[in-house]
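K.L.:
Dropping a structure here in structure tokens format, bear with me for questions.
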Amino acid sequence: MQVSFASKRMKKDMANAAAIGKRYGELAKRIRMRLELLHHVDCLADVPVEPPPRRHMLTGALAGCFAVDLSGNWRLVFRPDHDPLPLKEDGGVDLSKVTAIQIVDVIDYH
């Protein structure tokens, strides 16, 4: 899957293992694992919904985004990077057609 970043700062923070470690400390290893997973799958439907990654759709202020678990309450948040967004007939996102995402943030939104 194609992975891009929502900001120049996010791209810099995710540039390599050292940058991730400097910015995110103890979360760095899990961030690298989730980024590797996201890079290696063909589409969003291939990201497991079971832990440890636990892909899930977000609601509220983060509606339209998805997340994967990092640790405790920490999540790697991303959104499909398609225009237009691939939808199913029922209006939901067609995860099998989402082949590009944009990393939005690493946050504890709980």
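K.L.:
Condition first: touching a strand residue (DSSP E or B) at 6+ places or on another chain (Cβ under 8 Å), closer than 16 Å to Val41 by Cβ and outside any strand (DSSP E or B). Now tell me which residues in region 59-110 satisfy that.
P.N.:
Asp81, His82, Pro86, Asp94, Val98, Thr99
K.L.:
Looking at Asp83, Asp94, Asp108 in this structure, which one is charged (D, E, K, R), open to solvent by 30 Å² or more (accessible area, probe 1.4 Å) and either in contact with a Pro (Cβ under 8 Å, 6 or more places away or on another chain) or under 24 Å from Glu26 (Cα atoms) (or both)?
P.N.:
Working: Asp83 fails: either in contact with a Pro (Cβ under 8 Å, 6 or more places away or on another chain) or under 24 Å from Glu26 (Cα atoms) (or both); Asp94 fails: open to solvent by 30 Å² or more (accessible area, probe 1.4 Å).
Unique residue meeting the criteria: Asp108.
K.L.:
Next question, about the same structure. Select from region 27-58 the residues that are part of a helix (DSSP H, G or I), over 17 Å from Asp105 (Cβ atoms) and not hydrophobic (A, V, I, L, M, F, W, C) and list them in ascending order.
P.N.:
Lys29, Glu36, His39, His40, Asp46 - these are the residues of region 27-58 that are part of a helix (DSSP H, G or I), over 17 Å from Asp105 (Cβ atoms) and not hydrophobic (A, V, I, L, M, F, W, C).
K.L.:
Then there is this: I need the full set of residues from region 7-53 which are under 11 Å from the mean Cα position of the chain (by Cα) and either in contact (Cβ under 8 Å) with a residue 40 or more places away in the chain or surrounded by 12 or more Cβ atoms within 10 Å (Cβ to Cβ) (or both), in order please.
P.N.:
If the condition is that a residue be under 11 Å from the mean Cα position of the chain (by Cα) and either in contact (Cβ under 8 Å) with a residue 40 or more places away in the chain or surrounded by 12 or more Cβ atoms within 10 Å (Cβ to Cβ) (or both), then Ile31, Arg34, Leu35, Leu37, Leu38, Leu44, Val47, Pro53 are the ones that fit.
The values are calculated or read from the model by the stated rules, or taken from the named source; none is laboratory data. Since the model is a prediction, treat every value here as computed from it, not as a measurement. So basically every Cβ, Gly included, is an ideal-geometry build from the backbone, and we count neighbours across all protein chains shown. When the accessible area is computed, the model is the full protein with side chains, heavy atoms only, and any ligands, DNA or RNA have been set aside. Shrake-Rupley method; radii C 1.70, N 1.55, O 1.52, S 1.80 Å.
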